[in-house]
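Below: the structure, in structure tokens.
None of the figures in this text is laboratory data; all of them are computed from the coordinates on show. Fair warning: this is a prediction, and the values are worked out from it, not measured in the lab. Here the Cβ is made from the backbone with ideal geometry for all residues, glycine too, and neighbour counts use every protein chain on show.
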Amino acid sequence: MESFLEIFDIYLLEAVVNGILLGGLLALLALGLNLIFGVIDVTWICYAELVMIGMYGMYFLVQYYGVSYFLAAPVAIVLVAILGAALHYLVIAPLLSGPPINQLLATGGVLFVLQSFATVAFGIDFRNLGIRLPVLAFADMHFSYSRLLAFGAALIGMVVVYLFMTRTYTGTAIRAIAQDRQIMALMGVDTKKIYLITSAVGGALAGLAACLLVLQYDVHPFVGLSFGPITFLICVLGGLGNFVGGFVAAFVFAEIISLGGLFSDLEWGYVLAFGFFIIMMFIRPGGLLARRS
Amino acid sequence: MNQRYAWPIAVAALIALPFVYRDPYHLHILILILIWSFAYTSWSLMGRFGLVSLGHGGFMGVGAYVTALLWNHLGLSPWIGIPIALVSAGALALVVAYPCFRFRITGHYFALVTLALSGIVLQVITATRDYTGGSLGYTPERTKGNNIVALQFDDKIVWYLIALAVWLAGLLIWHVVDRSMSRYAMEAISEDEDAAAAAGVNVTFEKLRITVISALMTALAGALYCQYQMFISPDTVSGIAVSLQMVFAVVVGGIYVALGPTVGAIITLLLAEFLRIFFGTKAVGWDNLVYGVLLVLFIIFLPKGILGSILERVKVGPAKAPVVKKPA
């Protein structure tokens, strides 16, 4: 009995740590989406599909053209950043004055386009980089290096975005627009340009997430569906546009999934997380960190 | 005068159709169009008032799976199973929607909360794979031939008539809502909730009523689809993809007109069949690619949908006749 408890605790600890590692990645995904929402007031339903395209980009660069991983990563990030800017320019910009729900639905259409484009162009096979990073064994617990790397890179990415937002002129303008959309145009800020830059930064974050996810998961056209919905829920739970809230919510969600997966199947971890989300919406509809009015 | 006779004639023609023309493949497409039209109509019932739900895939999944599970595991006839499935979907809608409306979760937030609902239903179906077959899909047990108790018919004509009746009922419900006080209340709510509440509209109740009606209809569509196809999988009747598919068809057809969702269903299903026939297995993905591009183009250039825009043209067009409402 005692030995059983010991093993159990090790598993529990391992799950907790893995949850934190997963949380870093989810926080990165949530940050990109939150940035777009906070500044442009649009939800990119197709955000996870941008990540999927980035993952394919990495796959082809590394497997097909034999580029090394660390050279391919910046290329993939730039690729998805351009894709993000194009999405804004082609789809969102013409709809900015329309009802907000139309923007949401239009990006839903883009989701279909990207998913089926991947199906048509790359087929429905599962593909992976074929890079197998070693597993770190520490006190009877096992963590894969790819997760540790992803966690570290995600944190660095978030710090870079934080510095960009607080230390540069453009970053300051982005934050100002998030606070008041109308007045900044009068203050001489080119709103269109800022929106485009924000979309590109959001895309770049999706690209970074793609580079990290591709280390852990196989790529297929529907891979976006496995983490896309979770990302939206994290953003809503943290309060759409609230960066800190999204960060906290990412770790809360990751722990629920990881611990729920420990006690039962991984799907039940997701079910628990979804259920938790719906309950939290009723308790704190404005997000985890929102002040009650 | 034309309007008054157009409907009965059209309905009579639709009823007579399978007795005159009985190509099983075309009949099959028609049945699918009718069932999906009904589902899309039920979505548009809410969607036209700005209540954009991405959770309808969930309701449809509940309708289909509860009916099939009760039949296979407990031997309950769909005649009892479908009402139970409807009650489950209605209860689910209440549980999710009541707090949403009570706490004023609207717009993006409502869409995302209902998205979570789709996600939950999909994950539960996948997680309980010992009972539901998971992502491999599920088949209700077959009986021999036509069996009224099992609601299984070999004859496509029977299914055609059932689907036609349900579709007409859906249009009737749409019409009743369109003519009711509820419609004005809902329009006021979608403009400004506080002002509507101040004017004496019970905001929560009105929204809840339309949501539950819509959820019940969607669940019925799911159950019918299951009984007709005799095969359901999480991908075809539940989840986010199905929810988005509903939104897409309704937006393309026209969200504010009664036959809009039907036009949407006709276009989407015919497009899918067309691509499937002409490109064969190479077409995997092409239909969704075309859908997606169309959806984006429609939202940008034609937000009222095909039928909505045509009807608007016709109305604004030559010599606008004064609309005289006849007393009923």
Legend entry - Helix A:47-59 axis, angle to chain A major axis (alpha carbon atoms, nearest 10°): 70
Legend entry - the stretch A:23-119 - Rg (one decimal) and Dmax (whole number), Cα, Å: 14.5, 46
Legend entry - Cβ-Cβ FRET estimate between B:R22 and B:A165, R0 fixed at 25 Å, reported to 0.05: 0.85
Inset, instruction - Compute the Rg/Rh shape ratio of chain A: radius of gyration over Kirkwood radius, all on alpha-carbon atoms. - result: 0.98
Inset, instruction - Using only Cα atoms, figure out Rg for chain B and give it as a multiple of 2.2 N^0.38 Å. - result: 1.01
Inset, instruction - Pick out which of B:A249, B:A169, B:A223 has the largest mean-square fluctuation in a Gaussian network model of chain B, springs linking Cα atoms closer than 10 Å. - result: B:A169
Legend entry - Taking A:V42, A:V75, A:V62 and counting other C-beta atoms within 10 Å, the order from fewest to most: A:V75, A:V62, A:V42
Inset, instruction - Whole number please: convex hull volume per residue, Cα atoms of the protein assembly as shown, in Å³. - result: 194
Inset, instruction - Rank the residues A:I234, A:I77, A:I53 as a footprinting-exposure proxy: fewest other Cβ atoms within 10 Å of their Cβ go first. - result: A:I77, A:I53, A:I234
Legend entry - Shielding score for A:232-238, defined as the mean number of other chain Cβ atoms within 10 Å: 4
Legend entry - Extension gain from B:L74 to B:A197, taking 0.36 nm per residue of separation minus the Cα-Cα distance: 39.7 nm
